[in-house]
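Engineer: Sending over a structure as structure tokens; questions will come in a sec.
Just so you know, all these numbers are worked out from the coordinates, no wet-lab data involved. Just so it is clear, the model here is predicted, and its values are computed rather than measured. Here the Cβ positions follow ideal geometry from the backbone for every residue, glycine too, while neighbour counts run over all protein chains shown.
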Amino acid sequence: MSTVFIILLWGVVLAVSAPAVLFAIETLAAFLPLPRQTASATPSSVAVVVPAHNEGSHIVTTLHDLRAQLRQQDRLIVIADNCTDDTAAIARECGAEVFVRVAPDHRGKGYALQYAIDCLRDAPPQCVAFFDADCRVGEGALHYLAGVATATGRPAQALNIMNAPDGAGPETRVSAFAWIMINRVRMIGLSNLINVTRFTGVGLAAPWALISRLDFAVGDITEDLMMTLKMAAAGTPPVLAPDAQVTSFFPTAKDAGVTQRARWEHGSLEVMARRAAPAMLRGILRSDIGLMLLAADAMIPPLVVLGAALSVSAMLSAFALGFAGVGPFATILTAITLFALALVAGWLRFGRVVLPPSQLGALAPFLLQKLKVYGRRGRASSKTWTRTKRGGDDGAAN
């Protein structure tokens, strides 16, 4: 019995330690200078796709940013997906082509993106770019992304910045720090390690020849991770183009923040369970380092979950010291140390602006909110594509 327990204990310790060590490596790599991607090619035409579900109150600013960067031969397309508001009418007034999609039984951004790709097949552009309906697109970002994608033959991902709105509480600032760690620090680290990165769900340009071959018509909430693994499996993982910046804002309502985090975190756990391991195996069989690293990155759980798993593993290892030896405990303690040092280093270098020392006390209530994220309501909200309420919303149906 003790031998079986020791084997199981080592399995748990190694399974929990590996993502913590990779997290630390990615964070350390983010401290290195990031090579600049050059947009040395200009696509003949770009189709900009904006999937939108009940975004009538927010889409105008995004479309204005994008229209200012369009050339005469480019197209701006809004997919009004299962909308019950005036998104389609407002998008037309802003000069966008609007494709209305009504399929209540197949909701999700992945379905909307696939619908857009299918609509473009009769007159395909050279490059397709995806932006969310509630983001701000930095000046020149569109054609810089398209140029990088055309020059490399790979998808190009913008630096996706998620800001805490003015007057946001400390808990929102903790969320902003967590976002910086996953979508800035770890992405820069991945790019520095092996010149690959993840699709973050907004701000991506890809050659038509690549994007038109992939199937995105799935109901996964974390379609960004799904797209990343599919692109990598096709031999063309995304490349980071940090000179292109796309900015969004966290919701101000606490319940909306819980819903948003639930979608992200439950979705990432689902990808870990169902998609990342097969992608890892495929990468091993192909000797594809990029696919293996992206699959391993997808296996890093949300930081709170990882911290909890490390703590439980440490307690189990301490309990088993008498008959399992010091090995498991020393291994998990090393992983915890590296994880903690990476968090502190990431905060010191990248996170103090959004989470100043005076607001570190918000960590405790933030952790308590996680109970809602992983409770029944959080699990239910992670199943469908529901527009997140933001400041100024009137509570209209999503």
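Engineer: Arrange the peptides 346-359, 108-121 so that the one whose residues have, on average, the most other Cβ atoms within 10 Å appears first.
Structural biologist: With the highest mean Cβ count within 10 Å placed first, the list reads 108-121, 346-359.
Engineer: So, by mean Cβ neighbours within 10 angstrom, what's the order for 60-70, 187-197 with the highest one leading?
Structural biologist: On the way: 60-70: 17.5, 187-197: 22.2.
Sorting 60-70, 187-197 by mean packing, highest first, produces 187-197, 60-70.
Engineer: Can you compute the equivalent ellipsoid semi-axes for the stretch 113-213, i.e. the square root of 5 times each eigenvalue of the Cα gyration tensor, sorted largest first and rounded to whole Å?
Structural biologist: 28, 17, 11
Engineer: Which of the peptides 234-243, 36-45 is most tightly packed, and how do the rest follow, judged by the mean count of other Cβ atoms within 10 Å per residue?
Structural biologist: 234-243, 36-45
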